[in-house]
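Report on the structure given below.
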Amino acid sequence: MSSITLVGITKSYDGPAVIADLDLHVDTGTVFGLLGPSGCGKTTTLKMIAGLLEPDAGDIRFDGASVLALPPEKRRIGMVFQQPLLFPHLNVEQNVGFGLRMQGMRPRDARPRVRDCLAMVQLERFAERFPHQLSGGQQQRVALARAVVTDPVVLLLDEPLSNLDSRLREQMRQLIRGVQERLKITTIFVSHDQEEASELSDRMAVMFDGRLAQSGRPYDLFMRPESTAVARFLGSTNLLEGHVRAPGLLDTPIGPIAVSCAHGVEAGRTVTVSVRWEHLAIRPVSAGEPPNSFCGIVRDVVFGPTRIRYTVEINDVEIIVVAPTDLEYPRNEPVVVEIPARHVRLLQEAHASATLPG
Amino acid sequence: MRQELHGMPDRPSAAARVFVILMFAAFVAPFVPLVVASFSFRWHWPDLLPTRWLWNVRDETPFPVGWDYLLSPVSRLGSAFANTVAIGLVVAALALMTGVPAAYVLARYDFRAKGVAEFFLLLPIIVPQVSIGIGMLLLFMRVGLFRTYPGIVLAHLVPALPYAIRILTAMFQNLDPGYEEVARTLGADRLARLRHVTLPLIAAGLATAGLFAFLISTNIFLLTFLISGGRIATLPTMLFSHIGSGGPLDATTAGLVLIVSVPGLLFLFIADRITGSGLSLATAPAGSRAKEDR
């Protein structure tokens, strides 16, 4: 198991840089989620770590030692692609054993290890099957077993769940988590699905246009997004534009809000703030309201097994509130929404965030 | 063929069956009069069947006729057959050995002279064979390839190779480069990838391309005729020397025509046995693309 370090990686395909001066560090034995919209350069980054693409500049190090001079076949990596890409002329056992065979191991000697890996993905009984006899989910599990059979020091996952339906995704996610925890293998996971990345990763980063917009623990990214772009991409949050009237007071389309964040910002400036759906409180209309409360009307109710999502219209602005299931407010009911001052987060503008470090 | 049936309806409809039978009849029908003719001694219009068969006149002719002649050592059919098959196999092997790398480059890389290369690959199909043949004849006479087996093989490669490269290029274009990438991450170097991944995945294309090269070679008359200088006989040159004499189709020629079609059928049968996919031009992944290319 190795740590992975990227230093100043730059890459372009006959045009503007796809990856620009990228620095990244993944600690030994942890899972790093690289999250971003399609075309942001996350797969390119993964392929450069694998050695399938060469960076134009910069260095890639496993445990501090540069691997740039090594071809993929010598880097001791395991990789799972978006497609399972099982070799159709080989059966499951031969597919999983492929890496060991390349090391010169005879099929008979490789068998215990192959069976062990198949057991990890719960497919022991399918060893004799051919890829076309398996479902998509099973094929992807075989691909995972095939990637870890050689004890790679680094595991690279390129959207391995994106072609599976939601139930299979959940199962595959747990399998990946289980395999990673058992093998303690340093893993980089690429995804455009924030839920997927946050559930699997120890640390994660959001990537836009070949640059890391923000990185940290999943909790930090979701709770403390630094820029409008990150907040918008991660979602589940209300974004409000406002003018700073005085330190700690914003004029917004829904009304004046007291905030605990904007103290350093000079009066008169336009800022964007973010308030997460679940941090808002929804209450019946009553006398004696707490501060930062706004009257509105419930426009939409979406019921989930553990929480209810309300869309509340306040001064022609739609605010989304996620509330516990103990009370239910019907559509068109007047309600009060409270915005706790400490949960309002000030964001950097999108263009400004690009030049910020890390 | 076996596994391609996976997922198809068990039984074809009645209309589909009739269609298949009609198609089969259309291919087989021309052979029927040939078979009859090869056993006939006198068969004139408007008789539906020959008035005299070979076995009626066997004792009357001073020399062997028809199959008797063809199968006797005098006809030298054996050496012509052996020449045809041997030249065809060498042509097919060389077409694959040079065609696989060429097709790989054409399918996977963009380079400046690509259009030029593709044009020159089409040229032997567009230019009449007689022009190529005379040109090669003049050249081969100077370099000592005239009247030699290598000379004939080289001449055959000119029309055979473009077909092989076209089929193989389509095969490589349909082969997901991801398979090779996965193999790389699993520790397979260039040679191991070729042996364990790429070649097995294009086996059907190899069989098809080899079959085409072989069939083209075994059907070539003009180039063989020119380059062999009459020294080396193949089935087509032997056949044309019979047809060339003019007159009605006699039993010997009819028999020869039947024999000329044997190597191709033999090769198809063997290729199907070895790869299980020699017949699968239409069902191979590259099949549809290969058709558009032509």
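Listed values, structure above:
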{"read-out": "Failed condition for A:Glu54, given (1) in contact with a strand residue (DSSP E or B) (Cβ under 7 Å, 6 or more places away or on another chain); (2) farther than 30 Å from A:Leu118 by Cβ", "value": "(1)"}
{"read-out": "Helices (runs of 4 or more DSSP H) wholly inside the range A:15-105 containing at least 2 residues that are under 21 Å from A:Ile176 (Cβ atoms) and within 24 Å of the chain's Cα centre (by Cα)", "value": "A:42-50"}
{"read-out": "Qualifying residue in the range B:165-174 (condition: assigned to a helix (DSSP H, G or I), in contact with a Gly (Cβ under 9 Å, 6 or more places away or on another chain) and either among the aromatic types (Phe, Trp, Tyr) or at pLDDT 95 or above (or both))", "value": "yes"}
{"read-out": "Strands (runs of 3 or more DSSP E) (entirely within the range A:155-226) containing at least 3 residues that are under 10 Å from the mean Cα position of the chain (by Cα) and more than 25 Å from A:Val275 (Cβ to Cβ)", "value": "A:186-191"}
{"read-out": "Filter result for B:Gly133 (surrounded by fewer than 13 Cβ atoms within 10 Å (Cβ to Cβ) and of a type outside the set (A, V, I, L, M, F, W, C))", "value": "no"}
{"read-out": "Residues within the range A:152-173 that are free of Cβ contacts under 8 Å to residues at least 40 places away in the same chain and within 12 Å of another protein chain (Cβ to nearest Cβ), tallied", "value": "0"}
{"read-out": "Selected residue (only one of A:Arg101, A:Arg115 is free of Cβ contacts under 8 Å to residues at least 60 places away in the same chain and either β-branched (Val, Ile, Thr) or more than 11 Å from chain B (Cβ to nearest Cβ) (or both))", "value": "A:Arg115"}
{"read-out": "Selection within the range A:106-122 - of a type in the set (A, V, I, L, M) and part of a helix (DSSP H, G or I)", "value": "A:Ala110, A:Val114, A:Leu118, A:Ala119, A:Met120"}
{"read-out": "Boolean, A:Gly210 is on the phi > 0 side of the Ramachandran plot and touching a strand residue (DSSP E or B) at 6+ places or on another chain (Cβ under 6 Å)", "value": "yes"}
{"read-out": "Criterion: at pLDDT below 95 and within 11 Å of another protein chain (Cβ to nearest Cβ) - qualifying residue of A:Gln122, A:Gln82", "value": "A:Gln82"}
{"read-out": "Every residue from the range A:80-119 that is farther than 26 Å from A:Leu52 by Cα, surrounded by fewer than 19 Cβ atoms within 10 Å (Cβ to Cβ) and of a type in the set (A, V, I, L, M, F, W, C)", "value": "A:Ala119"}
{"read-out": "Residue count for the range B:71-119, restricted to those that are in contact (Cβ under 8 Å) with a residue 24 or more places away in the chain, charged (D, E, K, R) and within 23 Å of B:Tyr163 (Cβ to Cβ)", "value": "1"}
{"read-out": "Helices (runs of 4 or more DSSP H) contained in the range B:176-287 and holding at least 1 residues at pLDDT 90 or above, touching a Ser or Thr at 6+ places or on another chain (Cβ under 6 Å) and buried (at least 19 other Cβ atoms within 10 Å of the Cβ)", "value": "B:203-219, B:222-228, B:235-243"}
{"read-out": "Residues being in a loop (DSSP other than H, G, I, E, B) and under 23 Å from B:Ile259 (Cα atoms) - total across the range B:32-49", "value": "4"}
{"read-out": "The range B:169-197, subset within 14 Å of chain A (Cβ to nearest Cβ) and small (Gly, Ala, Ser), residue nearest to A:Gln82 (Cα to Cα)", "value": "B:Gly178"}
{"read-out": "The lone exception for B:Val143 - which of (1) closer than 23 Å to B:Ala93 by Cβ; (2) among the hydrophobic types (A, V, I, L, M, F, W, C); (3) within 14 Å of chain A (Cβ to nearest Cβ) it fails", "value": "(3)"}
{"read-out": "Number of positions in the range A:61-73 that are facing chain B (nearest Cβ under 8 Å) and over 26 Å from A:His192 (Cα atoms)", "value": "2"}
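Residues checked against (1) touching a Pro at 6+ places or on another chain (Cβ under 8 Å); (2) within 14 Å of chain A (Cβ to nearest Cβ); (3) within 30 Å of B:Phe140 (Cα to Cα):
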{"site": "B:Leu199", "(1), (2), (3)": "no, yes, no"}
{"site": "B:Gly205", "(1), (2), (3)": "no, yes, no"}
{"site": "B:Ser217", "(1), (2), (3)": "no, no, yes"}
{"site": "B:Ile243", "(1), (2), (3)": "no, no, yes"}
{"site": "B:Asp250", "(1), (2), (3)": "no, no, no"}
{"site": "B:Thr253", "(1), (2), (3)": "no, no, no"}
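The values are calculated or read from the model by the stated rules, or taken from the named source; none is laboratory data. A quick note: this is a predicted structure, and the numbers were derived from the prediction, not measured. Cβ atoms come from the backbone with ideal geometry, glycine included; neighbour counts cover every protein chain shown.
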